[in-house]
Each structure stands twice: as structure tokens, then as C-alpha cells.
Amino acid sequence: MDAPVVAVLSLKGGVGKTTVTLGLASAARNERRRVLIVDLDPQANATAGLNVADVGYTTSDVLYDGRSGVGLDAITATGWGELVDVIPAERALEHRAVPSGADPVRRLQRALNGVADRYDLILLDCPPSLGELTRNALFAATQAVVVTEPSYFAVQGAQQAVEAVTVAGREGNPRLSVVAIVPNRTRAALSEHRYRLEELRSVFGVKVTDAIPERTAIQQAQGAGVPIHDWKSAGARSAARAFDDLIGRVADVSARDLADELTTREGR
Ligand SMILES: Nc1ncnc2c1ncn2[C@@H]1O[C@H](COP(=O)(O)OP(=O)(O)OP(=O)(O)O)[C@@H](O)[C@H]1O
Ligand SMILES: [Mg+2]
């Protein structure tokens, strides 16, 4: 069976898309699953966090080329070992416009033809805007994970991302659904954070997952290019547990089953 293709998005910057992408990849690797990360952000933070030695063919080349299955040529090994590959990003992604022509938002989907059956999970790390890169991700994905932080803007930010998913669904990717809204960087001791989490749950119900805690170990592991599951500290272990819980949402259940389950529960 083809792997789920999960777009990790938020239209707001710096809320933790790359952190959630890397955390999910680390959790999947820990379960001995094969993972491919497609770095769609010109900042190339995911590529850096995966400790990639040699960047050759990149997401930019893949989108520019646009041929069916060309993504296979850009699959690159990472420092995380044999289970984790990347299609890396580079700064040029920002400046190199995706050629127009027929269906410009389907170039990534086309490029990934034949890729999904080689992996157990594909993660698309989106840039912080609803430009053509994120739109390409939303057409290639089978599931969307929306990342947010427990702030005053959380509900509004998540709503915009959910709306972008709905639009992609309407415009031609009806199998896409939001499987999780992930509050990141929370501190349980802060009443403001608890209040914002409640607010998110009151709007989005069961789609809101348990929060990913704020832990310095997350930044340390990213800086060292190491999976959070391999970083040895109490903070890393609590972060890793949060990603283990989260991966149950995206990789264990097929998107359709979970979407049905969520609709049933919300309908009650
Ligand atoms: N739970 C967390 N605990 C500690 N630090 C975190 C956590 N989540 C994210 N960070 C840190 O916050 C910064 C921004 O996170 P990240 O890069 O994942 O966000 P992003 O949404 O991908 O940003 P961008 O929009 O620029 O792509 C990074 O330095 C990251 O290490
Ligand atoms: Mg990022």
C-alpha cells in the first residue's frame, strides 16, 4: 500500500512545522518505518536537521522539472541512517518560480509518482505561507497536520490553515483531510497556555492533539542533526513520547478511517 503523504503546515512562521516534521520522522524511524521528508521550505531547516552531507538534486529541481516520477532522482540519504531519506531544499527554491503551464499546483504530486510505495510515511515540510509551494504540498498530500502554538492567534491561524486544506479539497484533492491540529511549544504550568488549549479544543474538538511541550532538548537535537529519540535527556524523552503519541494519528490509521471517526464523534 502507498504510504500516507502528510503535509505539515501553518501559515504562520516559527510555530513548529519543521519541529513536528522532524519529530514525526524520528518517531517513525524509532518504529523501524521508512520515511521520506520532502523539504519545501527555502530556509532548508529540515534538510539541516536531518544532517544531510551531500545536497545534489533538490525540491527546487524537482518542481522545475515537473516530470512524472522525477522525485525518485532527488532522493538523498540523511545522517539519520538508512530508514530516513530526504528530498532536500535549497535557498534557490524561493527565487525559482515553478513554471506555469498545465496545473502548476500538481507538479509535486506528479513528481512523487512511484515514490510512495517505497516508504511507510512521507512528510512534506511546508514554508510559512500559502504560496505555490504549500499549494503543491496540499495537492500531493493525503493528510494535513496543522501546527499551532498556544497564543491569542492560535485559533485564527489554525482556521486559516484548515480553510486552505478545504480549498485544496474543493479544487481537486478530495481525499485530503486534516487529521491533527497540534499545539506546539506549550508549558503546562502557564495558565495562559492552558486557556488557549481549551479555546482550541472548543473550536476544533478532537482534531486537537495532546500538546508538544517546550523542551530545550528539541533545539539541541535539531542543532546537532540528531533524531530526538536518540538525544539523551529527560526533556528529549518527554518530547519523544509526545511525537510517539502524535504518529499514531498520522501513520497508524488510514486517513479515511480517522476522518470518518472524527466526523462521527463530532456529529454526536
Ligand atoms: N516544542 C519546542 N520546544 C523548544 N523549542 C522549539 C519547540 N518547537 C519549536 N522550537 C524551536 O523554535 C524554532 C522554530 O521552530 P520550527 O523551525 O520548527 O518552526 P517552523 O514553523 O518550521 O518555522 P518556519 O515557519 O520558519 O518554517 C526552532 O528554533 C525550534 O527549534
Ligand atoms: Mg520550518
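Could you tell me which of the residues V179, V147, V155, V162 is aliphatic (A, V, I, L, M) and modelled with pLDDT under 95? Of the residues listed, the single one that is aliphatic (A, V, I, L, M) and modelled with pLDDT under 95 is V155. Checking L63, L108 one by one, the residue that is more than 16 Å from ligand 2 (Cβ to nearest atom), at pLDDT below 95 and crowded, with 23+ Cβ neighbours inside 10 Å is L63 and no other. Per the conditions (1) outside any helix (DSSP H, G or I); (2) more than 16 Å from ligand 2 (Cβ to nearest atom); (3) within 28 Å of L246 (Cα to Cα), the sole criterion not satisfied by V55 is (3).
Tell me yes or no: at least one residue of the stretch 213-220 is in a helix (DSSP H, G or I), at pLDDT below 95, of a type outside the set (D, E, K, R) and surrounded by fewer than 19 Cβ atoms within 10 Å (Cβ to Cβ). The answer is no, given that none of the residues of the stretch 213-220 is in a helix (DSSP H, G or I), at pLDDT below 95, of a type outside the set (D, E, K, R) and surrounded by fewer than 19 Cβ atoms within 10 Å (Cβ to Cβ).
Residue pairs whose Cβ atoms lie under 7 Å apart, sitting 6 or more positions apart in sequence or on different chains, and linking a residue in the stretch 20-44 that is within 19 Å of Q109 (Cα to Cα) and within 10 Å of ligand 1 (Cβ to nearest atom) to a partner that is basic (K, R) and not in a helix (DSSP H, G or I), are P42/R91.
Out of all the residues in the stretch 157-172, is one or more hydroxyl-bearing (S, T, Y), touching a residue at least 60 places away in the same chain (Cβ under 8 Å) and under 30 Å from R110 (Cβ atoms)?
Filtering the stretch 157-172 for residues hydroxyl-bearing (S, T, Y) gives 166.
Those left that are additionally touching a residue at least 60 places away in the same chain (Cβ under 8 Å): none.
No, there is no match, as no residue in the stretch 157-172 is hydroxyl-bearing (S, T, Y), touching a residue at least 60 places away in the same chain (Cβ under 8 Å) and under 30 Å from R110 (Cβ atoms).
Condition check for S100 on (1) buried (at least 23 other Cβ atoms within 10 Å of the Cβ); (2) among the hydroxyl-bearing types (S, T, Y); (3) modelled with pLDDT under 95: one failure, at (1). Of the residues contained in the stretch 182-195, none is found to be among the small types (G, A, S), over 18 Å from R241 (Cβ atoms), more than 16 Å from ligand 1 (Cβ to nearest atom) and modelled with pLDDT of 95 or more.
Inclusion of L36 among residues that are part of a helix (DSSP H, G or I) and modelled with pLDDT of 95 or more is not warranted.
The values are calculated or read from the model by the stated rules, or taken from the named source; none is laboratory data. On a predicted model such as this, the values are computed, not experimentally measured, just so you know. Methodologically, a virtual Cβ is constructed for each residue, glycine included, from the backbone with ideal geometry; neighbour enumeration extends over all protein chains shown.
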